[in-house]
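Following: one structure in structure tokens, then a few remarks.
The values are calculated or read from the model by the stated rules, or taken from the named source; none is laboratory data. Being a predicted model, the structure only gives us computed values, none of them experimental. As a convention, Cβ positions derive from the backbone with ideal geometry for all residues, glycine included, and neighbour counts pool all protein chains shown. When the accessible area is computed, the model is the full protein with side chains, heavy atoms only, and any ligands, DNA or RNA have been set aside. Shrake-Rupley method; radii C 1.70, N 1.55, O 1.52, S 1.80 Å.
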Amino acid sequence: MSTLDLPDQGALTRRRIGRIEDPPRPKPSFDADVAIVGLGYVGLPTALAYHHAGTRVVALDIAAPRLTAIRSGEVDLVPDDRTRLRHALDDPGFVLTADVSALSRARAVIVCVPTPVDRYLVPDLSLLRAACASVVAHAVPGQLLMLTSTTYVGCTEDLLVRPLLRRGLVAGDDVHVAFSAERIDPGSAGVKTETVPRVVAGATPACTEAAANVLGSYAESVHRVSSLAVAEMTKLLENTFRAVNIALINEFADICRTLGMEVGDVIDAAATKPYGYMAFRPGPGVGGHCIPCDPHYLLWQLRRERMDAPMIATAMQQIAGRPGRVVDRIRDVLSARRRGLPGTRVLVSGITYKPDVADLRESPALEILQSLLEAGAIVGYTDPYIPVATLPDGIELIGVDEPGAFDPEVVLLHTAHTGVDTSWIGDALVVDATYGARGFANRVAL
Ligand SMILES: NC(=O)c1ccc[n+]([C@@H]2O[C@H](COP(=O)([O-])OP(=O)(O)OC[C@H]3O[C@@H](n4cnc5c(N)ncnc54)[C@H](O)[C@@H]3O)[C@@H](O)[C@H]2O)c1
């Protein structure tokens, strides 16, 4: 008899042929419903959403400082998630731990660890491999094991299905295995975690159903697809679509500036069309853990297939080169005023990769600050979320508390956090990489 409560018993019975004489396994007993592996920008809100929906959660992270920060509430969360965290920390049904053996006690284990790229833009799978190895090592019959990190097509098979089989655990038979990419928008209070539909597929139809049930315990909508590969590719399409459109609108911004108009006016007008258009906004580049990385998982995989994807490759090149163009633009603007970067006081306002988060990962500001320093400018930054920033070459910059006292000659508006006072800018030359700033005497668009 199967250790799983599966709707598709016929399929299982067929797969069991040849193992029919195996001794029956004891029914597993679980004291948690869900374990989340990786409590970062995505895993923590997800763990809180599950807990809020009434499930017992094991919240696992290997980084002790991260656990300490979560316990003390010193984490970057939207207000609703902050409230949820307070409730969770008071509840014995929410267990924060670094102990991977706790995974065996959860009915479902959900992996949500980072999938970055290295400095050569090659996927760095080391964290995901290590997390999946722990999950496989502690897997017990009857569990659902679900990957939710963004990754290449075939990864769930490579890192879960096959290693589990090597341990004698057959997907769809002894355990369920599934993929469902996280899609939340960390830091965005407007979109609640549970309202974002989840796309899911399992290694077998029974795995899909088991995963859909677990996701459905908190998510309002679950969309089932036909295979692990389709689910993995769906996430790559979503973020590649965004990357290509961001590259396009950045190019349009440059075109509009050259032709003497505000790109924002053009975007707003185009957005009145009720079909066939989606508004993307230009900026100083992209950051965070998704758009600068995810399409490289696809490009990397296609290289193995000896296949070109020129449109995606060009978009990613444009995205990678955008911070350099920002510095070139500042140089050009100064040069038109018979100035140069050496010795010029440049202040960058807002350095996180998007407004209202404390997330500096891959932020274009880091490369911009470093290039400005290398060009000889006197550089500072101001950002209420980031007291100290480490630049790519390891230099640490301390944020300027009183930007007016820095007396900038050029202000680069990089990230516009809500409610941040910019009255100190006065008559300084403003290079507006947000494309939406108004009311500055001396503003030029990026
Ligand atoms: N950040 C986003 O906007 C976003 C949105 C949707 C999807 N995603 C995807 O979600 C995944 C996670 O991204 P994130 O932004 O939450 O990452 P993150 O860097 O914020 O956090 C990841 C956490 O995982 C922990 N961790 C690493 N290895 C571990 C292990 N073996 N066991 C337990 N914990 C481990 C780290 O200590 C860290 O706290 C990525 O694949 C990313 O592409 C991210």
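Quick notes on this structure:
- Residues satisfying the stated conditions in segment 55-78, i.e. more than 10 Å from the ligand (Cβ to nearest atom) and touching a residue at least 60 places away in the same chain (Cβ under 8 Å): THR55, VAL78
- Members of segment 150-177 that are away from the ligand (no atom under 16 Å from the Cβ) and within 25 Å of GLY40 (Cα to Cα): GLU157, VAL161, HIS176, VAL177
- Test result for ARG304, modelled with pLDDT under 95, over 23 Å from the mean Cα position of the chain (by Cα) and of a type outside the set (Gly, Ala, Ser): yes
- Scanning segment 30-47 for residues that are open to solvent by less than 40 Å² (accessible area, probe 1.4 Å) and within 13 Å of the ligand (Cβ to nearest atom) turns up ALA35, ILE36, VAL37, GLY38, LEU39, GLY40, VAL42, GLY43, LEU44, PRO45, THR46, ALA47.
- Members of segment 432-446 that are open to solvent by less than 50 Å² (accessible area, probe 1.4 Å) and under 32 Å from the mean Cα position of the chain (by Cα): ASP432, ALA433, THR434, TYR435, GLY436, ALA437, VAL444, ALA445, LEU446
- Of all residues making up segment 289-328, the number that are closer than 17 Å to SER363 by Cα, within 16 Å of the ligand (Cβ to nearest atom) and either open to solvent by 40 Å² or more (accessible area, probe 1.4 Å) or not in a helix (DSSP H, G or I) (or both): 5
- Of all residues in segment 124-136, those being crowded, with 22+ Cβ neighbours inside 10 Å and in contact (Cβ under 8 Å) with a residue 60 or more places away in the chain number 2.
- Restricting segment 178-198 to residues that are hydroxyl-bearing (Ser, Thr, Tyr) and either part of a loop (DSSP other than H, G, I, E, B) or open to solvent by less than 10 Å² (accessible area, probe 1.4 Å) (or both), the residue that is farthest from the ligand (Cβ to nearest atom): SER180
- Single residue of LEU366, LEU347 found to be buried (at least 18 other Cβ atoms within 10 Å of the Cβ) and free of Cβ contacts under 8 Å to residues at least 60 places away in the same chain: LEU366
- Sole exception among (1) more than 10 Å from the ligand (Cβ to nearest atom); (2) within 21 Å of ASN239 (Cβ to Cβ); (3) surrounded by fewer than 19 Cβ atoms within 10 Å (Cβ to Cβ) for PRO141, by number: (2)
- Scanning segment 64-81 for residues that are more than 10 Å from PRO45 (Cβ to Cβ), open to solvent by 60 Å² or more (accessible area, probe 1.4 Å) and at pLDDT below 95 returns GLU74, PRO79.
- Qualifying residue in segment 364-375 (condition: in a loop (DSSP other than H, G, I, E, B), out of contact with any Asp or Glu (no Cβ under 7 Å at 6 or more places or on another chain) and not hydroxyl-bearing (Ser, Thr, Tyr)): yes
- Qualifying residue in segment 107-122 (condition: assigned to a helix (DSSP H, G or I) and within 15 Å of the ligand (Cβ to nearest atom)): no
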